[in-house]
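Asker: Handing you a structure now.
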Amino acid sequence: MSVLFIHLEAPMKRLPPLNALRAFATAAQTGSFTKAGELLHVTQGAISRQVKMLEQHLDTRLFERAHQSVSLTPAGQALSDALLNAFGQIEEAVEKARQTPARQMLNINAPPTFATRWLAPRLSDFRSQYPFIDLSITTDRIQTLKSARQHDCLVFFDQAPWPDLACQRLMQEHHIMACSPSLWHGNQPPKLVKATLLHILDGDKRLPVWEQWDLHFGLSGVDTQGGLHFSTLDQAINASIAGAGILVVDQTMIIQELQSGLLKRFDDRELMGPQAYWFAEITQNSQQKELVTTFRTWLMKQLSLSDTRAMELDELSLSPD
């Protein structure tokens, strides 16, 4: 035996026309059809017709009409109070929607390690301040201005700013030597002559960070050519964390690892590197320029906070136990 279940939904009640509700609410608030017409830029007769249409729709009288005046009936007063609140909420919602900025997209290109280790951990702060600015962050290897045209702005890593382009230096390399604590023996760091050195490639060339370190400090008996080579600094840092070898690295990129103890400074020596991170505006679009300015201002504030953290880390790591 089959049973047929039929679900019946109550039909939605048809609401009165919005114009009629607005005409009534204005007349109720002013106490006059004439004044309501002036506020709504229609005639007194139009207000009267709209109110009469609403009364017919509701099948109830909303106004008591006298020769020169009108007054609300109890039903009219109840409806007026409700509409005053409802129209207030509608006006508030409309104004909020009007003031809500449209979503905008900013296209940024940055070096892989900068994007991963420095920028990414700070993006939640940018998002909380500018929730309607979406960011598209790429890490393409850009070497010419022509290849940069698809982006609104760039962060690039070089020894000098690009010619014919307004560039702002973000931060200079600040090299230290670091490795995993697992390579230490008690309070003694590993011997460099026996250690594996970690190198970073720039395209098909190796960045000469170890040679620069040797030139400045002298590394007697150390083969600065040999070791492990990686296409990005981020890969080399991860290898160093895993205990694969010793790294000369920009301290800014490993602040979290130094603080957490995943990496340890080899000693107190430090060296300013020849290269820096630079910021450049690419877009010629006026609207995008405003977004670039917003991002650059936020970026510089974050750099200031990062410098403060680096100074505190230096004091902590170099203070006596």
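Each value in this text was obtained by applying a stated rule to the coordinates, not by laboratory testing. Computed from a predicted structure; not experimentally measured. All Cβ positions, glycine included, derive from the backbone under ideal geometry; neighbour counts span all protein chains shown.
Asker: If each DSSP helix of 4+ residues adds -39,500 (n - 2.57) and the sum is divided by the residues in the chain, what number results at 222 nm, nearest 500 deg cm²/dmol?
Answerer: Calculated from helices alone, the mean residue ellipticity at 222 nm is -12500 deg cm²/dmol.
Asker: Pull out a ≥ b ≥ c, the square roots of the eigenvalues of the alpha-carbon gyration tensor of the range 18-99, then state rounded if a/c is under 1.5, prolate if not and a/b is larger than b/c, and oblate in the remaining case.
Answerer: Prolate is the answer for the range 18-99, as a/c is 1.5 or above and a/b outweighs b/c.
Asker: Still on this structure: May I ask which of 146/301; 146/289; 191/264 have a Cα-Cα span longer than 21 Å here?
Answerer: 146/301
Asker: What relative contact order, as a whole-number percentage, does the range 1-157 give when Cα pairs under 8 Å and 6 or more residues apart are counted?
Answerer: 17
Asker: Percent antiparallel among DSSP beta bridges with both residues in the chain, to the nearest 5?
Answerer: Percentage antiparallel, nearest 5: 65.
Asker: For residue 72, list long-range residues whose amide hydrogen, built 1.01 Å from N in the peptide plane, is under 5 Å from its own amide hydrogen.
Answerer: 64
Asker: Provide the net charge surrounding residue 275, with neighbours chosen by a C-beta distance below 10 Å and charges set as Lys +1, Arg +1, Asp -1, Glu -1.
Answerer: Local net charge: -4.
Asker: Show me, for the range 261-278, the HN-Hα J-couplings you get by feeding each phi into the Karplus relation (A = 6.51, B = -1.76, C = 1.60, θ = phi - 60°), rounded to Hz, glycine and proline as x.
Answerer: x, 5, 10, 9, 4, 5, 7, 8, 6, 8, 8, 6, x, x, 10, 9, 8, 10
Asker: Please list the non-local residues whose amide H lies under 5 Å from the amide H of residue 140, H modeled 1.01 Å from N, same-chain partners needing a gap of 5 or more.
Answerer: Correct list: 110.
Asker: Pop the C-beta distance of residue 67 and residue 95 into the FRET formula with R0 = 41 Å and round what comes out to the nearest 0.05.
Answerer: Step by step, r from the Cβ atoms, then E = 0.55.
Asker: Simple spin-label model, 7 Å along Cα-to-Cβ: residue 143 to residue 75 in nm?
Answerer: About 8.3 nm separates the two model spin labels.
Asker: Still on this structure: Go through 113-121, 58-66 and give me the packing order, highest mean Cβ count within 10 Å leading.
Answerer: 113-121, 58-66
Asker: Can I ask one more? Around residue 266, which amide H atoms from residues at least 5 apart in sequence, or from another chain, sit under 5 Å from its own amide H, with H modelled in the peptide plane?
Answerer: Those qualifying (amide H under 5 Å, at least 5 residues apart or on another chain) are 177, 178, 179.
Asker: Give the share of C-alpha pairs in each 10 angstrom bin for the range 221-271, from 0 to the last occupied bin, in whole percents, shortest bins first.
Answerer: Taking every Cα pair in the range 221-271, the percentages come to 22, 56, 21, 0.
Asker: Next question. At a 10 angstrom cut-off on C-beta neighbours, averaged per residue, how do the peptides 228-240, 84-96 rank from highest to lowest?
Answerer: Packing proxy ranking, top to bottom: 228-240, 84-96.
Asker: Express in nm, to one decimal, how much length is gained between residue 86 and residue 169 on full extension, taking 0.36 nm for each residue of separation and deducting their alpha carbon distance.
Answerer: Difference between extended and current length: 24.5 nm.
Asker: Could you go through the range 207-220 in sequence order and give the Karplus-derived ³J(HN,Hα) for each residue, using 6.51 cos²θ - 1.76 cosθ + 1.60 with θ = phi - 60°, rounded to whole Hz, and x for Gly and Pro?
Answerer: 5, x, 5, 5, 5, 5, 5, 5, 5, 7, 10, x, 10, 4
Asker: Another question about this same structure. Could you tell me which label, among (i) -0.60, -0.87; (ii) -0.41, -0.90; (iii) -0.36, -0.81, carries the value of log10 I(q)/I(0) by the Debye sum over Cα atoms at q = 0.08, 0.12 Å⁻¹ calculated for this structure?
Answerer: Matching the structure shown: (i).
Asker: Any chance you could run the full-extension gain for residue 59 through residue 160? It's 0.36 nm times the residue separation minus the Cα-Cα distance, nm to one decimal.
Answerer: 28.2 nm
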